[in-house]
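K.L.:
Below is one structure. I have some questions about it.
The values are calculated or read from the model by the stated rules, or taken from the named source; none is laboratory data. Everything numeric in this text was worked out from a predicted model, so none of it was measured. So basically every Cβ, Gly included, is an ideal-geometry build from the backbone, and we count neighbours across all protein chains shown.
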Number of protein chains: 2
Amino acid sequence: MPVNLPVPIAEQLIPVPGLMLGVAEAGVRKANRKDLCVLLPAAGTVVGAVFTRNRYCAAPVQVCREHLAGSQGIRALIINTGNANAGTGAPGLANARSTCAALAQTLNIAPEQVLPFSTGVIMEPLPVERVIAGLPATLQDAKPDNWLRAAQAIMTTDTQPKAISRQVQVGGCTVTITGMAKGAGMIRPNMATMLGFVATDANLSPELAQEMTVWLADRSFNRVTVDGDTSTNDSFVLLATGQASHARIDSMQTADAEALKAGLLEVAQYLAHAMVRDGEGATKFMTICIEGGRSTEECLKAGYAIAHSPLVKTAFFASDPNLGRILAAVGYAGIDDLDQSRIEMHLDDVHVVTQGGRHPAYAEADGARVMAQSEITVRVNLGRGSCTDTVWTCDFSHDYVSINADYRS
Amino acid sequence: MPVNLPVPIAEQLIPVPGLMLGVAEAGVRKANRKDLCVLLPAAGTVVGAVFTRNRYCAAPVQVCREHLAGSQGIRALIINTGNANAGTGAPGLANARSTCAALAQTLNIAPEQVLPFSTGVIMEPLPVERVIAGLPATLQDAKPDNWLRAAQAIMTTDTQPKAISRQVQVGGCTVTITGMAKGAGMIRPNMATMLGFVATDANLSPELAQEMTVWLADRSFNRVTVDGDTSTNDSFVLLATGQASHARIDSMQTADAEALKAGLLEVAQYLAHAMVRDGEGATKFMTICIEGGRSTEECLKAGYAIAHSPLVKTAFFASDPNLGRILAAVGYAGIDDLDQSRIEMHLDDVHVVTQGGRHPAYAEADGARVMAQSEITVRVNLGRGSCTDTVWTCDFSHDYVSINADYRS
């Protein structure tokens with residue numbers, strides 16, 4: 001049961017001019033389930049993309065990087081669930097290339113104009129013949145108002161689809177932004193997430209599209225974690241079809257860029273938070289805000305140490321204000337010259353720790369009151385500098401163990 | 001239920017000449033439980049000690065460091081369970097000092113000759129008056145053959161005491177080594193562990209005692225992890241009473257030193273492994289051996305990435321050979337120029353991965369056969385160099401969540 005995450009409604013997902021989506025049942029791993037999804041951006045679309053920094057990156061991630069380095073525009077994205085095509089060696093790479101080639105032939109484009117994505121079990125051969133056999137059905141299904149079905153087709157252990165639309169005013173035009181993503185385990189994105197796609201009809205230069213993608217990822221997908229496991233397949237793609245009639249934007253700092261960035265950030269953060277809210281077994285949504293750091297890096301070290309601690313996460317699951325576990329995590333976060341006597345901690349509005357020790361006025365009943373909520377902010381001040389950063393995560397429950405002990409069976 | 005860990009038998013724990021141990025009920029957190037333990041080494045005992053690198057180290061750890069820096073010999077160690085005296089600020093430090101002063105007064109020694117240790121809940125005030133009131137009873141109880149009761153008194157979430165004895169021949173003498181330790185959660189020692197004590201009547205120089213303690217910790221307690229949470233209170237202490245009649249050892253490389261090191265290592269590794277075998281909720285004992293690294297550091301990065309991955313640990317709990325999760329962990333371990341096409345992996349004797357992909361001869365039934373065992377070795381070759389290192393860990397079960405969601409209630 002996700003934490004405060006509404007199920008998207010098809011009618012509220014606004015089509016993006018210049019983009020069609022189609023889904024089909026290819027039987028990659030299981031029968032009778034939509035497991036193949038195609039995105040067809042119109043000619044002229046510019047693409048920004050960031051991928052996992054996991055050195056064991058999947059075959060499709062490697063192929064995406066190659067194809068994005070080419071000079072021809074991207075005209076198709078093909079996504080399968082049920083198999084990650086990771087840890088599959090040279091045959092896996094050949095399978096990813098064959099999929100692109102087959103789709104390119106049908107569409108009469110070059111294979112380099114196709115980006116492949118896979119998600120599912122690692123180290124099992126991709127049933128490439130079933131994927132290729134399913135391609136025509138995805139194309140027949142393709143239409144602009146297919147976002148909800150696409151968001152459903154890319155789910156794995158997600159309990160519900162994740163998608164959202166926003167419209168912003170850019171250069172006198174109404175620009176649409178619609179995005180979708182999937183979670184829900186092996187989530188500790190490093191550059192991007194386990195499949196996130198955001199499309200807009202805004203008109204951007206290719207360079208700005210890439211710059212904006214990195215900017216977005218660092219404020220959304222790169223700040224969430226479920227279990228600390230960075231996936232082999234993380235991919236976040238921004239598609240800008242350019243069909244809105246405003247003047248092309250080519251710098252991050254203009255008023256038009258700012259308006260667009262605000263809308264994109266809202267969509268990307270919504271999707272990133274949705275992955276946490278629907279994190280495997282999640283019952284609590286936690287915002288970990290680290291203040292008073294000397295650098296972004298040390299704020300993130302402390303934030304992720306807290307967000308990854310099994311002891312912290314199980315205490316939140318139990319609604320138990322066993323808050324010393326948070327201090328212990330800050331202490332082992334790897335900030336070598338941390339002075340514990342300068343630490344302050346708040347749980348929502350409750351001042352728990354001052355000068356490194358329990359606040360004299362802190363009463364356990366106040367901590368218990370906050371811990372009983374489904375949304376909790378932990379705020380730790382390191383007392384070292386002026387940097388601040390935020391990480392979002394969920395708790396660690398019996399259901400996480402059940403889901404991951406049973407995932408393949 | 002610990003994994004293949006016999007309950008120690010009192011008669012098999014050999015007293016160490018020059019050391020007495022006593023226990024008592026002080027009611028630190030709960031009534032009717034032995035929660036206070038004193039160790040009384042004779043005059044002339046040399047001490048080696050390593051402590052947590054957690055910057056949020058507990059008050060007793062800070063006091064231990066000060067007292068060990070003094071010039072007088074250590075004559076007493078006082079250990080309480082039920083409260084970690086960590087995250088307690090200046091009052092916590094004062095409480096640790098008061099405990100030492102009270103014990104020193106009774107024994108007619110200096111406060112600096114006492115080392116304090118605490119384990120239990122973090123961020124709650126130590127009930128110092130109850131600890132001090134319990135001291136006389138520990139002294140009345142003190143005798144050399146009290147190791148099993150002492151090992152029981154220092155338990156927290158441990159399901160059984162952990163203690164062992166060995167005897168080795170050093171310089172023509174029979175030297176005794178007896179040790180005890182406690183786990184069982186917040187276990188990812190960094191320098192040492194959540195309370196390990198090894199005593200011997202061997203005759204060592206003070207400098208060698210410290211050198212040998214670091215050497216031992218790096219081959220035992222510093223190579224195990226349960227949940228990746230480095231404790232605020234980790235402490236590992238070697239007591240050498242010097243009452244054996246062999247010539248004093250003052251170098252790591254002599255034949256006598258080698259004989260002693262072998263015995264000490266056997267005891268320290270047994271205790272470190274015992275913490276994993278009795279790790280919270282453990283059902284499997286896993287040996288993670290990383291070969292072919294360029295440095296010890298990168299072997300440990302890969303080893304700990306595997307050992308800390310919730311996805312790997314839940315797959316082992318399920319006896320599910322979902323081994324791609326191990327590859328993903330190796331990939332995000334932080335070895336920036338790792339070449340996945342050189343990775344080899346074995347599960348016990350089964351060759352699972354070759355050249356980064358699934359081995360053509362690997363059959364899932366073989367993986368499943370090994371995964372069903374209670375003791376499993378994962379061997380990953382990084383294909384980069386000649387360094388090898390080993391990390392020991394356990395799986396991640398429903399019981400881990402239950403234990404830590406209920407710990408304080």
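K.L.:
Can you find even one residue in the stretch B:393-403 that is in contact with a Cys (Cβ under 6 Å, 6 or more places away or on another chain), at negative phi and either crowded, with 16+ Cβ neighbours inside 10 Å or within 14 Å of chain A (Cβ to nearest Cβ) (or both)?
P.N.:
No, the stretch B:393-403 contains no residue that is in contact with a Cys (Cβ under 6 Å, 6 or more places away or on another chain), at negative phi and either crowded, with 16+ Cβ neighbours inside 10 Å or within 14 Å of chain A (Cβ to nearest Cβ) (or both).
K.L.:
Give me the strands (runs of 3 or more DSSP E) completely within the stretch B:13-67, filtered to those with at least 1 residues that are within 14 Å of another protein chain (Cβ to nearest Cβ), touching a helix residue (DSSP H, G or I) at 6+ places or on another chain (Cβ under 8 Å) and farther than 18 Å from B:Pro161 by Cβ, ordered by residue number.
P.N.:
B:46-51
K.L.:
Now for a separate question. Find all pairs meeting these conditions: Cβ atoms under 9 angstrom apart; at least six residues apart or on different chains; first residue within the stretch B:42-55 and among the polar types (S, T, N, Q); second residue part of a strand (DSSP E or B).
P.N.:
What qualifies is B:Thr45/B:Leu19; B:Thr45/B:Ala199; B:Thr45/B:Leu239; B:Thr45/B:Ala240; B:Thr52/B:Ser235.
K.L.:
Within the stretch B:298-393, which helices (runs of 4 or more DSSP H) (wholly inside it) include 1 or more residues that are closer than 17 Å to A:Gly185 by Cα and modelled with pLDDT under 95?
P.N.:
In the stretch B:298-393, the matching helices (runs of 4 or more DSSP H) lie at B:310-317, B:324-331.
K.L.:
Filter the stretch B:112-135 down to residues that are under 20 Å from B:Ala42 (Cβ atoms) and surrounded by fewer than 21 Cβ atoms within 10 Å (Cβ to Cβ), then give me how many there are.
P.N.:
Of the residues in the stretch B:112-135, 2 are under 20 Å from B:Ala42 (Cβ atoms) and surrounded by fewer than 21 Cβ atoms within 10 Å (Cβ to Cβ).
K.L.:
Picking from A:Thr283, A:Thr354, which residue would you name as being in contact (Cβ under 8 Å) with a residue 60 or more places away in the chain, surrounded by fewer than 23 Cβ atoms within 10 Å (Cβ to Cβ) and within 12 Å of chain B (Cβ to nearest Cβ)?
P.N.:
Being in contact (Cβ under 8 Å) with a residue 60 or more places away in the chain, surrounded by fewer than 23 Cβ atoms within 10 Å (Cβ to Cβ) and within 12 Å of chain B (Cβ to nearest Cβ) holds for just one of A:Thr283, A:Thr354, which is A:Thr283.
K.L.:
May I pose another question? What's the total number of residues in the stretch B:314-349 that are within 9 Å of chain A (Cβ to nearest Cβ), farther than 18 Å from A:Glu124 by Cβ and of a type in the set (D, E, K, R)?
P.N.:
Total meeting the criteria: 3.
K.L.:
Of all residues in the stretch B:140-156, which are under 16 Å from the mean Cα position of the chain (by Cα) and not in a helix (DSSP H, G or I)?
P.N.:
B:Ile154, B:Met155, B:Thr156
K.L.:
So, in the stretch B:93-108, exactly how many residues are within 14 Å of B:Ala26 (Cβ to Cβ) and loosely packed, with under 14 Cβ neighbours inside 10 Å?
P.N.:
0
K.L.:
Would you confirm, using the coordinates I've provided, whether B:Val38 is in contact with a Lys or Arg (Cβ under 6 Å, 6 or more places away or on another chain), β-branched (Val, Ile, Thr), more than 24 Å from B:Val214 (Cβ to Cβ) and modelled with pLDDT of 95 or more?
P.N.:
No, not satisfied.
K.L.:
Still on this model: Looking at (1) within 29 Å of A:Ala307 (Cβ to Cβ); (2) assigned to a strand (DSSP E or B); (3) among the β-branched types (Val, Ile, Thr), which one does A:Thr159 not meet, given that it meets all the others?
P.N.:
(2)
K.L.:
Still on this structure: When you scan the stretch B:77-87, do you find a residue that is within 17 Å of B:Gly134 (Cβ to Cβ), part of a helix (DSSP H, G or I), touching a strand residue (DSSP E or B) at 6+ places or on another chain (Cβ under 9 Å) and touching a residue at least 60 places away in the same chain (Cβ under 8 Å), even just one?
P.N.:
Within the stretch B:77-87, none of the residues are within 17 Å of B:Gly134 (Cβ to Cβ), part of a helix (DSSP H, G or I), touching a strand residue (DSSP E or B) at 6+ places or on another chain (Cβ under 9 Å) and touching a residue at least 60 places away in the same chain (Cβ under 8 Å).
K.L.:
Pairs under 7 Å by beta carbon, first residue farther than 20 Å from A:Cys64 by Cβ in the stretch A:110-137, partner modelled with pLDDT of 95 or more and surrounded by fewer than 19 Cβ atoms within 10 Å (Cβ to Cβ), six or more apart or different chains?
P.N.:
From residues that are farther than 20 Å from A:Cys64 by Cβ, the pairs are A:Arg130/A:Gly27; A:Pro136/A:Thr106.
K.L.:
Test B:Gly228 against the stated conditions and say whether it is in the same structural domain as B:Ile177 (by TED's automatic domain parsing), within 30 Å of A:Leu311 (Cβ to Cβ) and buried (at least 20 other Cβ atoms within 10 Å of the Cβ).
P.N.:
Numbers: in the same structural domain as B:Ile177 (by TED's automatic domain parsing): yes; within 30 Å of A:Leu311 (Cβ to Cβ): yes; buried (at least 20 other Cβ atoms within 10 Å of the Cβ): yes.
It is true that B:Gly228 is in the same structural domain as B:Ile177 (by TED's automatic domain parsing), within 30 Å of A:Leu311 (Cβ to Cβ) and buried (at least 20 other Cβ atoms within 10 Å of the Cβ).
K.L.:
Here's something else I'd like to know. Inspect the stretch B:52-68 for any residue being polar (S, T, N, Q) and surrounded by fewer than 21 Cβ atoms within 10 Å (Cβ to Cβ) and give the result as yes or no. Let's see the steps before the verdict.
P.N.:
Looking only at the stretch B:52-68, we keep the residues that are polar (S, T, N, Q), and these are B:52, B:54, B:62.
From what is left, the residues that are surrounded by fewer than 21 Cβ atoms within 10 Å (Cβ to Cβ) are B:62.
Within the stretch B:52-68 (the criterion being polar (S, T, N, Q) and surrounded by fewer than 21 Cβ atoms within 10 Å (Cβ to Cβ)), the answer is yes, since at least one residue qualifies.
K.L.:
Only one residue in A:Asp339, A:Asp389, A:Asp348 is under 16 Å from A:Glu297 (Cα atoms) and of a type outside the set (Phe, Trp, Tyr), so which one is that? Before the answer, list the steps.
P.N.:
Numbers: A:Asp339 fails: under 16 Å from A:Glu297 (Cα atoms); A:Asp348 fails: under 16 Å from A:Glu297 (Cα atoms).
Only one candidate passes the filter, namely A:Asp389.
K.L.:
From the list B:Asp320, B:Asp339, pick out the single residue that is of a type in the set (D, E, K, R), crowded, with 19+ Cβ neighbours inside 10 Å, in the same structural domain as B:Ser386 (by TED's automatic domain parsing) and touching a residue at least 24 places away in the same chain (Cβ under 8 Å).
P.N.:
Residue meeting the stated conditions: B:Asp320.
K.L.:
Looking only at the stretch B:371-388, filter to residues that are of a type outside the set (Lys, Arg) and surrounded by 19 or more Cβ atoms within 10 Å (Cβ to Cβ); which one of those is farthest from the other protein chains (Cβ to nearest Cβ)?
P.N.:
B:Val378
K.L.:
Right, here's the next one. Could you give me the residue pairs with C-beta distances under 6 Å whose first residue belongs to the stretch A:368-384 and is more than 14 Å from A:Lys313 (Cα to Cα), whose second residue is basic (Lys, Arg) and surrounded by fewer than 19 Cβ atoms within 10 Å (Cβ to Cβ) wherever it lies, and which are 6+ apart or on separate chains?
P.N.:
A:Gly383/A:Arg342; A:Arg384/A:Arg294
K.L.:
Select from the stretch A:223-243 the residues that are closer than 15 Å to A:Ile74 by Cα and out of contact with any helix residue (DSSP H, G or I) (no Cβ under 7 Å at 6 or more places or on another chain) and write down the one among them that is nearest to the other protein chains (Cβ to nearest Cβ).
P.N.:
My answer is A:Val237.
K.L.:
Conditions: (1) under 28 Å from A:Val401 (Cβ atoms); (2) modelled with pLDDT under 95; (3) assigned to a helix (DSSP H, G or I). A:Asn190 meets all but one. Number of the miss?
P.N.:
A:Asn190 satisfies every listed condition except (3).
K.L.:
On to the next question. For B:Thr88, which of the numbered conditions (1) within 14 Å of chain A (Cβ to nearest Cβ); (2) out of contact with any Lys or Arg (no Cβ under 9 Å at 6 or more places or on another chain) fails to hold?
P.N.:
(2)
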